[in-house]
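What follows is one structure encoded as C-alpha cells, with my remarks underneath.
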Amino acid sequence: MDRVDELLSQMTVEEKVKLLVGVGLPGLFGNPHSKVPGAAGETHPIPRLGIPSAVLADGPAGLRINPNREGDEKTYHATAFPVETMLASTWNRELLEEVGKAMGEEAREYGVDVLLAPAINIHRNPLCGRNFEYYSEDPVLSGELAAAFVKGVQSQGVGACVKHFAANEQETNRMLVDTLVSERALREIYLRAFEIAVKKGRPWAVMSAYNKLNGKYCSQHEWLLKEVLRKEWGFEGLVMSDWYAGDSAAEQIKSGNDLIMPGKSYQVNQQRVDEVEEILDALRSGKLTEEELDECVRNVLKVFLNSPSFRGYRYSNNPNLEAHARVAYLAGVEGVVLLKNENTLPISRETKVALFGTGQIETVKGGTGSGDTHPRYVINVLDGLRERKVKLDERLARIYEDYVQKMRQKEEYKVRRDAWGTPIKPKLPENFLDEKDLKKFAKENDVAVIVISRISGEGYDRKPVKGDFYLSDDERELVEVVSKSFHEFGKKVVVLLNIGSPIEVASWRDLVDAILVIWQAGQETGRVVADVLVGEVSPSGKLPTTFPKDYSDVPSWTFPGEPKENPQKVIYEEDIYVGYRYYDTFGVEPAYEFGYGLSYTKFEYKDLKIERDGEVLKVSYTIRNVGDFAGKEVSQVYVKAPKGKIGKPFQELKTFHKTKLLKTREEELVTLEIPLRDLASFDGREWVVEAGEYEIRVGASSRDIRLKGCVVLEEKRYKP
Ligand code: GLC
C-alpha cells in the first residue's frame, strides 16, 4: 500500500474533511497567525498522523509575504520581478524558467509549499484590471511561457498553481458573474493556455476561478474539473478554489475541486456556514459519498507529500535575493518593447537628458492586490538614470522631487491604502511647468524623456476614459508642450510607457520621436530603463497583446457584461476572434500589432524549409543580424488555414523562438516543430485539421511576415 492509501486508511472522516478545507485567512475567522505571515493560505495539519499544514502564497510577480514580523527585527523581503505581461514580452521560454526557479527558491526558503502562480487568463479586453498579471491575448504564447515558468518553480521542490481556471477575464463582479462562451472559444482560446501549461508544465495545482462558466461556478463545474482537466488532459495534481469562491463546499468537493481555500467560513444570507460542517452534513445526507471525498483527499495528499513542509525541509529564511535581483533585471531588459524610434535611441552617455513626468519618481513596479510584491527596494526611473551616470538635468529632477513631495502633502493628493493595504495614489497633475522654464530646459538639454504611468489591480477593472485608457488632459498637454519646445531646438523626445496593459497611443505618437514600453518591471525598473536608453542592451521585447488604435476597435464590446454597473453575465460574443485573431480577420488596423517590437539592430530572415515528418511539421529558417548592434530576435510562426467548413481566424500563432544574442553579421539556424494536432480547429465535437493548403508564415510580428511556405494536408480528426 502506498503512503497515500496508508494515510487515507488511518484518517477519520472528520480528518479527511478538515484536510480539504483551509484553516482560514490568517488574522480572520479565528486564525490568529500563519506559519508564514502574509501567505495567502494554509491547509489543516493532522498531527496525529504526522501531517503538517502546507503553506500557499501568491503571486505572479514575486512571492507575496509580509516583509516585517511583529517583534522580529529580521526582514522577509522577496524579489519583485517584472509583471507577467512584461515577462511575456520577452517571448523567452528559458528566461521564464529562470524567473520560475528564482521565485521557487524564494518560496521554498521562506517556508512556502505552493506558489499561487502563474496566472494565465487571456487579455480579452485591455481594461481588465488584472491583465498585468496575465501573459497575453494568445493562448499559445501564454501556455508555452506558463509551462516554462512552472518547470522553473517546481525544479526548486515547491509547487506552482496555474490560475484562474477558467474564463475569468474581468474583475467587475468577478465572484458572481456568469461567463457565457461557446465551447469552441473555450477550447481554442480560454482553456488552451491551461491545456498547454498542464500537459507541458505538469503543475502541482490548478486554481479554479471565481466566475460561473455557462451557468455553473468554475469551482463547482464537474465537466471542467473532471472531464476536461483530468480525463482529457491527464492532470494529476490538486484543484484548489479561489479564495471564498462558489456557494457550496459540498458541491465543490463533488465536482472535483479538491481543496477549499482559504477555508473556515463564509456568509450565506447572513447565515454563517462552516465548510467542514457543510461537507459532513452532505456526507450524512448522502449528497456526497465517501468515495468522492476520498478522491479529493488522495489528490491533496499526493501533492503535499512532495512538499517541503511534508518532507520536513528546514528552510533558511535567507533566499539568494542578490542573484534573483539579477534575474529580475535580465527579465526586465528583455521585456522592454521599442514601439517607435526615429533616429533617437540609443542615446549616448554624453547626451543631456531632461526627464519629465511624476512617474520618474513614483515609478509603478507592478499592480495591486494579490499580485503585489514587497521588495527590499524599487529603483525608480530617476534613480536608475542617476545610478547609471546618465547626464541628467538635475535642476529639473529636483523640481520634480519637490513637486511630488509637496503635492503628496495636500489633502486631495494624500496617499491612502486599499483593503489590501496597497497605497492608492491620486494622479498628480502633470503639466505644472511654465513655458519659459520649458524653453530653457529644451535649450540646455539634448533629449526629453517623458514617463507616463498607469496602475491597476485585483478587484476592479480599468475604464475607457482620460487618465486611464486615454492620456489625461494634463498628460496630453505635457507631451505637447515638451515636444513643441524641444522640437523648436531640433531636439528629440522619448516617451516611456510605465503601464501594465495597453493605453491609447495613436492620437499622440506622431508628436514624439521614440516610444519605449517599460511596462511594470519590478524592483530593477530604473536600471532596466537606463541600460536600454543608453544602448547597454538593445531592446528585444515584442508585444504579447495588441495596442488598438482606439478602445472602440476592441472586439470584446460586451465587456464587462450586463448590466454594466453590476454584471450578472458576460457573453463572449466575439467568440474566438480575440486580439489579433479579430484585427487580422476583420481588417481592423491596430496602433501596434501583436508580436511587434523594434530593435537597435536589424534582422534578415532567410532559407525557410518546411518538412512533414509523420504527425509533425518541421519548420526551419535562418535569422541573421544585418545591423550595427548586437541583439536578440523573436520570430513567430503563424499558420493560415485553408477555407473550409469551419470558419477560422486569418492566422494563428503556432510557435515562436528567441535567438541568443547575435553579434552583427552573426546568424542562427532556427528549427521548430508544430504537431499537426495544433493546426486543428474545434468543430463542436472534436478537433479537425481540414484538408487543403496551409500557409506557414514566419514573422517578426503578426503583420511583418518575412517568409512564407505551404504544406498540403489531408483531413484529420482528433478526440478532445
Ligand atoms: C485572490 C486571487 C487569487 C489569489 C488568491 C489568494 O482573490 O483571485 O489570484 O491567489 O485570492 O490571495
Of the numbered conditions (1) of a type outside the set (A, V, I, L, M); (2) closer than 30 Å to PRO67 by Cα; (3) away from the ligand (no atom under 16 Å from the Cβ), ASP446 fails exactly one; give the number of that condition.
(2)
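Any chance you could count how many residues in the range 81-134 are assigned to a helix (DSSP H, G or I) and not hydrophobic (A, V, I, L, M, F, W, C)?
The qualifying residues number 15.
Can you tell me which residue in the range 181-200 is surrounded by the fewest Cβ atoms within 10 Å (Cβ to Cβ), limited to those that are more than 16 Å from the chain's Cα centre (by Cα) and of a type in the set (Gly, Ala, Ser)? Talk me through it step by step, then tell me what you get.
Filtering the range 181-200 for residues more than 16 Å from the chain's Cα centre (by Cα) gives 181-188, 195, 198-200.
Imposing the further condition that a residue be of a type in the set (Gly, Ala, Ser) reduces the set to 182, 185.
Details: SER182: 17, ALA185: 22.
Looking at residues that are more than 16 Å from the chain's Cα centre (by Cα) and of a type in the set (Gly, Ala, Ser), I get SER182.
Restricting the search to the range 144-185, which residues are of a type in the set (A, V, I, L, M) and touching a helix residue (DSSP H, G or I) at 6+ places or on another chain (Cβ under 9 Å)? First the steps, then the outcome.
First, the residues of the range 144-185 that are of a type in the set (A, V, I, L, M): 145-148, 150, 153, 158, 160, 162, 166-167, 175-177, 180-181, 185.
Hits for the range 144-185 are LEU145, ALA146, ALA147, ALA148, VAL150, VAL153, VAL158, ALA160, VAL162, ALA166, ALA167, VAL181.
Output the residue which, of all residues in the range 299-317 that are of a type outside the set (Gly, Ala, Ser) and surrounded by 18 or more Cβ atoms within 10 Å (Cβ to Cβ), is farthest from VAL4 (Cα to Cα).
Here is the first cut: in the range 299-317, the residues of a type outside the set (Gly, Ala, Ser) are 299-306, 308, 310-311, 313-315, 317.
Those still in the list that are surrounded by 18 or more Cβ atoms within 10 Å (Cβ to Cβ) too: 299-301, 303-304, 308, 310.
On the way: ASN299: 9, VAL300: 9, LEU301: 6, VAL303: 10, PHE304: 10, PRO308: 17, PHE310: 12 Å.
Checked the range 299-317; the qualifying residue farthest from VAL4 (Cα to Cα) is PRO308.
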Restricted to the range 384-423 and to residues being farther than 21 Å from LEU533 by Cα and part of a strand (DSSP E or B), the residue most open to solvent (accessible area, probe 1.4 Å) is ARG417
Collect the residues in the range 424-452 that are touching an Asp or Glu at 6+ places or on another chain (Cβ under 7 Å) and crowded, with 21+ Cβ neighbours inside 10 Å, keeping them in residue-number order.
GLU430, PHE441, ALA442, ASN445, ILE452
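Quickly run through the range 168-180 and pick out the residues that are assigned to a loop (DSSP other than H, G, I, E, B) and either within 21 Å of GLU84 (Cα to Cα) or open to solvent by 10 Å² or more (accessible area, probe 1.4 Å) (or both).
In the first step, residues of the range 168-180 are kept if they are assigned to a loop (DSSP other than H, G, I, E, B); the result is 168-177.
Within the range 168-180, ASN168, GLU169, GLN170, GLU171, THR172, ASN173, ARG174, MET175, LEU176 qualify.
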Top-ranked residue in the range 35-85 [being modelled with pLDDT of 95 or more and of a type in the set (Lys, Arg); ranked as nearest to TRP243 (Cα to Cα)]
ARG64
Being within 16 Å of the ligand (Cβ to nearest atom) and touching a residue at least 12 places away in the same chain (Cβ under 8 Å) narrows ILE46, ILE65 down to just ILE65
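Please state which one of TRP204, TRP233 is within 15 Å of the ligand (Cβ to nearest atom) and at pLDDT 95 or above. Working first, answer last.
Values: TRP233 fails: within 15 Å of the ligand (Cβ to nearest atom).
That would be TRP204, the only listed residue that is within 15 Å of the ligand (Cβ to nearest atom) and at pLDDT 95 or above.
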Among (1) modelled with pLDDT under 95; (2) open to solvent by less than 10 Å² (accessible area, probe 1.4 Å), the one test that LYS264 misses:
(2)
Quick check on VAL588: is it in contact (Cβ under 8 Å) with a residue 60 or more places away in the chain and part of a loop (DSSP other than H, G, I, E, B)?
no
Aliphatic (A, V, I, L, M), in contact (Cβ under 8 Å) with a residue 60 or more places away in the chain, farther than 24 Å from THR90 by Cα and open to solvent by less than 50 Å² (accessible area, probe 1.4 Å): does that describe LEU676?
yes
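Can you pull out the residues in the range 348-399 that are within 16 Å of the ligand (Cβ to nearest atom) and of a type outside the set (Val, Ile, Thr)? Talk me through it step by step, then tell me what you get.
Here is the first cut: in the range 348-399, the ones within 16 Å of the ligand (Cβ to nearest atom) are 366-374.
Selection gives GLY366, GLY367, GLY369, SER370, GLY371, ASP372, HIS374.
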Can you tell me how many residues in the range 330-358 are open to solvent by 10 Å² or more (accessible area, probe 1.4 Å) and among the small types (Gly, Ala, Ser)?
1
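Considering only residues that are open to solvent by less than 60 Å² (accessible area, probe 1.4 Å) and of a type outside the set (D, E, K, R), which ones fall in the range 465-487? Let's see the steps before the verdict.
Let us first name the residues in the range 465-487 that are open to solvent by less than 60 Å² (accessible area, probe 1.4 Å), namely 467-472, 474-475, 478-479, 481-483, 485-486.
The answer is GLY467, PHE469, TYR470, LEU471, SER472, LEU478, VAL479, VAL481, VAL482, SER483, SER485, PHE486.
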Yes or no: the range 84-93 includes at least one residue that is within 16 Å of the ligand (Cβ to nearest atom) and farther than 30 Å from LEU679 by Cβ.
no
Flagged in the range 125-167 as open to solvent by 10 Å² or more (accessible area, probe 1.4 Å) and either within 14 Å of the ligand (Cβ to nearest atom) or touching a residue at least 60 places away in the same chain (Cβ under 8 Å) (or both), in numbering order, are PRO126, VAL140, GLU144, GLY157
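Consider LYS602 carefully, then state whether it is within 20 Å of THR655 (Cα to Cα), at pLDDT 95 or above and open to solvent by 50 Å² or more (accessible area, probe 1.4 Å). Write out each step before concluding.
On the way: within 20 Å of THR655 (Cα to Cα): no; at pLDDT 95 or above: yes; open to solvent by 50 Å² or more (accessible area, probe 1.4 Å): yes.
Criteria not met by LYS602.
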Where residues in the range 217-230 are touching a strand residue (DSSP E or B) at 6+ places or on another chain (Cβ under 7 Å) and within 16 Å of the ligand (Cβ to nearest atom), which of them is farthest from LEU20 (Cα to Cα)?
CYS218
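The values are calculated or read from the model by the stated rules, or taken from the named source; none is laboratory data. Since we're looking at a predicted model, the values are computed, not measured. FYI the Cβ positions are ideal-geometry reconstructions off the backbone, even for glycines, and counts take in every protein chain you see. Only protein heavy atoms, including side chains, enter the accessible area calculation; ligands, DNA and RNA are left aside. Shrake-Rupley method; radii C 1.70, N 1.55, O 1.52, S 1.80 Å.
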